[in-house]
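A.B. asks: Would you mind keeping the following structure in view while I ask a few things?
The values are calculated or read from the model by the stated rules, or taken from the named source; none is laboratory data. Predicted, not measured: the structure shown is a model, and the values here were computed from it. Cβ: placed from backbone, ideal geometry, glycine included. Neighbour counts: every protein chain shown.
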Amino acid sequence: MTSIGTGYDLSASTYSPDGRIFQVTCLLRSFAHQSILIQVKVEYANKAVENSGTAIGLRVKDGIVLAVEKLVHSKLLVPGANRRIQTIDRHIGLATAGLLADGRHLSNRARDEAASYRDNYRQPPPLKSIADRLGLYVQAYTLYSSVRPFGISTILGAVDKDGPALYVVEPSGVFFGYNGAAVGKGRQLAKTELEKLKLAELSTRQAVMEAARMYVTVSYFSSAIPKGYFDYSIYLVHDDAKEKEFELEISWIGDETNGLHLPVPKDLHAEAEAAAKAALENFE
Amino acid sequence: MDHIDWNRLKTGEVNLGTSIMAVQFDGGVVIGADSRTTTGSYIANRVTDKLTHVHDRIYCCRSGSAADTQAVADIVHQGLQMYSQTAGEAPSVHHAASLFQRVCYENKDALSAGIIVAGWDKEVGPSVYNIPLGGGLFRQPWAIGGSGSTYVYGYCDATYKEGWGRDETVTFVKNTLALAMARDGSSGGVIRMCVITEDNVERLFVPGDELPKFWEGREVLGATALKNRAADKGVVPMAVEA
């Protein structure tokens, strides 16, 4: 994808010199070309995701851990407020990276889908079916010129009758199951770190510690990443003044929570963060 | 207005006045039904099959209005096909029962349908769900339904035991249905049964002349009786004083 926008992407009815409409799919071309047009629209949506705070998910032996890096853009914000990880039904966690308003909209939809599954089948929904329904929903927004695609990647985690499950739904509507997933700014680094772990052998407690460590590491190493869309940069963690600009939100589902999706208890959270910082100092 | 037709059958509508039942045993379920469909007092079909397939290992027994129960069973059949396609696995009996219950409850004013859902799934094994007229959902180890069931509650309560194998359960179902059919005018014909296990569904058939026989009744008043009574006693009428 070499030529991006540059003035030809402002309107749905403008072709660029190489015959592309960047905003919307409008179909005077062949089917192959159409699929390229859809891709372009979705690529822009992916950009919104890439510039947002990192979210990760880990699927381990006995449960799921979700973690989100909340880039705090004002000292006036109440710490611990503005949760980015939502609970769907009782046993499903949903973390988003990207446009947060889109994330709330999708959370509401996920809750409706879960409620409708319960109405029909009188059972908690398996994560596979929620992910499927959300994938269909998100994909629908890539079909029409009157709406824009969702600017979020969503990590869904749950423990259902088939065991722990983790899915990521992207702006195109495609979704895959994962053992470990990362979306947002620091995802490349996070994925590298995730690949080093033996996820199938960890307990959820260990996974919480790993998640915190990963955030600290990612923040440390990603100081090389240039300024993002929202015009703040990722910084070194051990810089105290700037530390307040980054809050870590972790939630878990597993044996210790009896299958419910809950925020990690305060003491475990503090322990994880402390251990992570200690590990980083040792590394230095 | 002293008699309310609580069955709410329209004129000429076909009724599955019925005896149906389902019983769970260790390896599966046995379901059974009579075979009589009536329109008023005319037997419209004397060899009806009231045991309806909704999925590979899930069947339902239908009682009440024939049209209503067929329509509901069709809806659930389609719903379960969709489910197995999208979920990629066989639905559980609980799923099927929930779909039945949804339809029966939400349309309770318009429907006259008493359904027993039974089958085998890999989560729970065998199970039986009873969905009577109002649309409630009840899981039970054994369930009876239809107009003929009222006559056999006592027999079932007294006879049922847990821990039976396949053959004992089949005998229980056969006997119960035979008793119900003997007393209920809206039930009769043949006994159809299905044995649903993990491996397969086996259909059994008991023709009308091979039904289990119980007490058939005996004529008490009549000449023979009188003769016997006089013969056996040496009973002398009391002397009347002059």
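A.B. asks: Across segment A:123-132, what is the total count of residues that are over 18 Å from the mean Cα position of the chain (by Cα), at the interface with another protein chain (Cβ under 10 Å from one of its Cβ atoms) and not small (G, A, S)?
C.D. replies: 2
A.B. asks: Also: For segment A:71-101, enumerate the residues that are part of a strand (DSSP E or B) and at pLDDT 85 or above.
C.D. replies: A:I85, A:Q86, A:T87, A:I88, A:I92, A:G93, A:L94, A:A95, A:T96, A:A97, A:G98
A.B. asks: Pairs under 6 Å by beta carbon, first residue in contact (Cβ under 8 Å) with a residue 24 or more places away in the chain and of a type in the set (F, W, Y) in segment A:243-272, partner assigned to a loop (DSSP other than H, G, I, E, B) and surrounded by 15 or more Cβ atoms within 10 Å (Cβ to Cβ), six or more apart or different chains?
C.D. replies: A:W252/A:V264
A.B. asks: Another question about this same structure. Mind checking which residues of segment B:151-167 are touching a residue at least 24 places away in the same chain (Cβ under 8 Å) and exposed (fewer than 14 other Cβ atoms within 10 Å of the Cβ)?
C.D. replies: The answer is B:G163, B:G165.
A.B. asks: Same structure, new question: May I ask you to list the residues in segment A:66-90 that are surrounded by 13 or more Cβ atoms within 10 Å (Cβ to Cβ), aliphatic (A, V, I, L, M) and under 22 Å from A:I155 (Cβ atoms)?
C.D. replies: Within segment A:66-90, A:L66, A:A67, A:V68, A:L71, A:V72, A:I85, A:I88 meet the criteria.
Rundown of residues vs (1) within 30 Å of B:E106 (Cα to Cα); (2) touching a His at 6+ places or on another chain (Cβ under 6 Å), yes/no style:
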residue: A:G93; (1), (2): no, yes
residue: A:L100; (1), (2): no, no
residue: A:N108; (1), (2): yes, no
residue: A:A115; (1), (2): yes, no
residue: A:A182; (1), (2): no, no
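A.B. asks: Cβ-Cβ below 9 Å, separation at least six or inter-chain, first residue in segment B:70-92 and closer than 15 Å to A:Y121 by Cβ, second of a type in the set (A, V, I, L, M) and loosely packed, with under 13 Cβ neighbours inside 10 Å: which pairs?
C.D. replies: From residues that are closer than 15 Å to A:Y121 by Cβ, the pairs are B:S92/B:V124.
A.B. asks: Among the residues in segment B:111-133, are any more than 19 Å from B:V30 (Cα to Cα), at pLDDT below 95, over 21 Å from the mean Cα position of the chain (by Cα) and not β-branched (V, I, T)?
C.D. replies: The answer is no, given that none of the residues of segment B:111-133 is more than 19 Å from B:V30 (Cα to Cα), at pLDDT below 95, over 21 Å from the mean Cα position of the chain (by Cα) and not β-branched (V, I, T).
A.B. asks: Next question. Kindly indicate whether any position in segment A:133-143 is within 14 Å of chain B (Cβ to nearest Cβ), surrounded by fewer than 18 Cβ atoms within 10 Å (Cβ to Cβ) and among the basic types (K, R).
C.D. replies: no
A.B. asks: When you go through (1) more than 18 Å from A:V49 (Cβ to Cβ); (2) within 14 Å of another protein chain (Cβ to nearest Cβ); (3) in contact (Cβ under 8 Å) with a residue 24 or more places away in the chain one by one for A:N120, which number turns out not to apply?
C.D. replies: (3)
A.B. asks: Considering segment A:123-138 alone, what residues qualify as being outside any helix (DSSP H, G or I) and in contact (Cβ under 8 Å) with a residue 12 or more places away in the chain?
C.D. replies: Correct list: A:P124, A:P125, A:P126.
Per-residue answers, yes or no, for (1) under 25 Å from B:Y83 (Cβ atoms); (2) more than 14 Å from chain A (Cβ to nearest Cβ):
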| residue | (1), (2) |
| --- | --- |
| B:C104 | yes, no |
| B:S112 | no, yes |
| B:W120 | yes, yes |
| B:G125 | yes, yes |
| B:Y129 | yes, no |
| B:P132 | yes, yes |
| B:I144 | no, yes |
| B:V152 | no, yes |
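A.B. asks: Also, I was wondering about something else. Quick one: would you say A:A182 is under 20 Å from the mean Cα position of the chain (by Cα), at pLDDT 90 or above and surrounded by fewer than 21 Cβ atoms within 10 Å (Cβ to Cβ)? Walk me through it before giving the result.
C.D. replies: On the way: under 20 Å from the mean Cα position of the chain (by Cα): yes; at pLDDT 90 or above: yes; surrounded by fewer than 21 Cβ atoms within 10 Å (Cβ to Cβ): no.
Here the answer is no, as A:A182 does not meet what is asked.
A.B. asks: Is there a residue in segment A:102-110 that is surrounded by fewer than 20 Cβ atoms within 10 Å (Cβ to Cβ), among the basic types (K, R) and either away from every other protein chain (no Cβ under 14 Å) or closer than 23 Å to A:Q39 by Cβ (or both)?
C.D. replies: Yes, because at least one residue in segment A:102-110 is surrounded by fewer than 20 Cβ atoms within 10 Å (Cβ to Cβ), among the basic types (K, R) and either away from every other protein chain (no Cβ under 14 Å) or closer than 23 Å to A:Q39 by Cβ (or both).
A.B. asks: Here are some conditions: (1) within 30 Å of B:R46 (Cα to Cα); (2) more than 11 Å from chain A (Cβ to nearest Cβ); (3) more than 17 Å from the chain's Cα centre (by Cα); (4) of a type in the set (G, A, S). B:A96 meets all but one. Which one does it not meet?
C.D. replies: Tallying (1) within 30 Å of B:R46 (Cα to Cα); (2) more than 11 Å from chain A (Cβ to nearest Cβ); (3) more than 17 Å from the chain's Cα centre (by Cα); (4) of a type in the set (G, A, S), B:A96 fails exactly one: (2).
A.B. asks: If you go through segment A:156-166 one residue at a time, do you hit one that is out of contact with any helix residue (DSSP H, G or I) (no Cβ under 8 Å at 6 or more places or on another chain), assigned to a helix (DSSP H, G or I) and either away from every other protein chain (no Cβ under 14 Å) or modelled with pLDDT under 90 (or both)?
C.D. replies: Checked segment A:156-166: no residue is out of contact with any helix residue (DSSP H, G or I) (no Cβ under 8 Å at 6 or more places or on another chain), assigned to a helix (DSSP H, G or I) and either away from every other protein chain (no Cβ under 14 Å) or modelled with pLDDT under 90 (or both).
A.B. asks: Filter segment B:55-97 for residues that are hydrophobic (A, V, I, L, M, F, W, C) and either more than 14 Å from B:N107 (Cβ to Cβ) or in a strand (DSSP E or B) (or both) and give the result.
C.D. replies: Within segment B:55-97, B:I58, B:C60, B:C61, B:A66, B:L80, B:M82, B:A87, B:A90, B:V93, B:A96, B:A97 qualify.
A.B. asks: Within segment B:1-38, take every residue that is assigned to a strand (DSSP E or B) and at pLDDT below 90 and give me the one that is surrounded by the most Cβ atoms within 10 Å (Cβ to Cβ).
C.D. replies: First pass over segment B:1-38, keeping only residues assigned to a strand (DSSP E or B): B:15-16, B:20-25, B:28-33, B:37-38.
Then drop every residue that is not at pLDDT below 90, which leaves B:15-16.
Numbers: B:N15: 21, B:L16: 31.
Once the filter is applied, the top-ranked residue is B:L16.
A.B. asks: I'd like the residue in segment A:144-155 that is in contact with a helix residue (DSSP H, G or I) (Cβ under 8 Å, 6 or more places away or on another chain) and under 18 Å from A:Q86 (Cα atoms) and, out of all such residues, is nearest to the other protein chains (Cβ to nearest Cβ).
C.D. replies: Here is the first cut: in segment A:144-155, the ones in contact with a helix residue (DSSP H, G or I) (Cβ under 8 Å, 6 or more places away or on another chain) are A:148-154.
This time we only want the ones that are under 18 Å from A:Q86 (Cα atoms), so: A:150-154.
Values: A:F150: 22, A:G151: 27, A:I152: 24, A:S153: 23, A:T154: 20 Å.
The extreme case among them is A:T154.
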